[in-house]
1. Net charge near VAL189: determine it from the other residues with C-beta under 14 Å of the C-beta of VAL189, scoring Lys and Arg +1 and Asp and Glu -1.
2. Relative to a virtual label point 7 Å from the Cα of SER282 in the Cα→beta-carbon direction, which members of segment 138-179 show backbone nitrogen distances below 18 Å?
3. Name the GluC sites (Glu not before Pro) in segment 201-301 that are in a loop by DSSP and that have at most 11 other C-beta atoms within 10 Å, would you?
4. As a test of the formula, what do you get for the chain when each DSSP H run with n ≥ 4 contributes -39,500 (n - 2.57) and the sum is divided by the residue count, at 222 nm and rounded to the nearest 500 deg cm²/dmol?
5. Using a basic spin-label model with each label point 7 Å from the Cα along Cα→Cβ, how many nm lie between ASN222 and CYS36?
6. Between LEU133 and LEU107, with labels modelled 7 Å along Cα→Cβ, what's the label distance in nm to one decimal, could you check?
7. With contacts defined as alpha carbon pairs under 8 Å and 6 or more residues apart, what's the relative contact order of the chain in percent?
8. Please find the FRET efficiency linking SER172 to ARG198, where r is the Cβ-Cβ separation and R0 is fixed at 30 Å, and quote it to the nearest 0.05.
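The numbers here are math on the coordinates, done by the rules we state, and not lab data. Computed from a predicted model, the values in this text were never measured in an experiment. Glycine also receives a Cβ, built like all others from the backbone with ideal geometry; neighbour counts cover every protein chain displayed.
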Amino acid sequence: MPTLELTSDLATAITNSLPIGICVATHDGEIVYANCKAEDIFGYRPGGMTNRCIEELIPEGYRNSHKKLREIYTASPTDTAMAGGRVLLGLKKDGVEIHLQIGLTPLNNKLILISLIETTNKIIKPSNSNDPLTGLANRKSFDEYSQKLRKLAIREKKSLSVAFIDLDNFKSVNDKYGHRFGDKVICKVARLLSKHIRESDILARFGGDEFVLCLYDIGDLNQLRKLLNNLIQQISAVNEIQGKSFRIGASIGAIITHKAENIELVEIIEITDRLMYQAKQSGKGVSVIHEIDNIKDVENI
């Protein structure tokens, strides 16, 4: 039996015949290859996706959060199978938004192979890792990427902070204008929070009017307090949508640790939730923050 030589032309022909989209991108997000199916999914002519930034394929409102997730992933890339991967919003060349299931495979220390398919395709059953209302990370993807941040903080000996954010007076907005309007308020707050956090941070919606933020390398407790109090001010300034006025605010519980190896994330989140309720009891519109370097420090809270 003759031996088949896998030339570059043959490899290209094989990838172009696949029923799923294939892209290869650098860690900086530049697309260096896209097969015919990927170009078809996004509505580009042959070669039209090459040299574009991967974020160009994401709706504008979600590009910053996607960039953050990409940067965290490339700091410690691992295989993510499509069947257990993430569902993301994509943007076709003509501006139409689509839902995509993706898988990620590190090729080397510079390149990532991205496999993708529209979720309407019956080849696979998609799994959701994003909040469907805001497009932010949900609990599942927050757990995944905040764990990566924790490992990075331990390795680089940097601080790790977690903030639990709950909106004040949000129930009165729902009661007055209805849940659909309340959803618009949630989306506006989500966009605001995304705009005012750094590229290295992870923001998730945990449901309802609750958000959780994981921050890498905040200098100290005072710097964290300044950042969170600014977020409270920004949220409190959200008071009108489509001519309808309302009043909301935010209460925040937060922890900063310089020794992330001494406390698990699930414990940190539980504590920040408790601190958030302390903020509520203190009159709302405030942040309650503690520095913890050991799980035993929790006894003093």
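1. Details: positive: LYS184, LYS188, ARG191, LYS195, ARG205, ARG247; negative: ASP131, ASP166, ASP168, ASP183, ASP209, GLU210, GLU240.
With Lys, Arg at +1 and Asp, Glu at -1, the neighbours total -1.
2. Residues passing the 18 Å test: 161-169.
3. Numbers: sites: GLU210, GLU240, GLU261, GLU264, GLU267, GLU270, GLU291, GLU299; in loops: GLU264.
When the GluC sites (Glu not before Pro) of segment 201-301 are filtered for loop state and at most 11 Cβ neighbours within 10 Å, nothing remains.
4. Details: 8 runs with 105 residues, N = 301.
For the chain, the value works out to -11000 deg cm²/dmol.
5. 6.4
6. The modelled label-to-label distance comes out at 4.0 nm.
7. Values: 554 pairs, mean separation 43.8, N = 301.
This gives 15 percent for the chain.
8. Values: r = 32 Å, r/R0 = 1.06.
My answer for the efficiency is 0.40.
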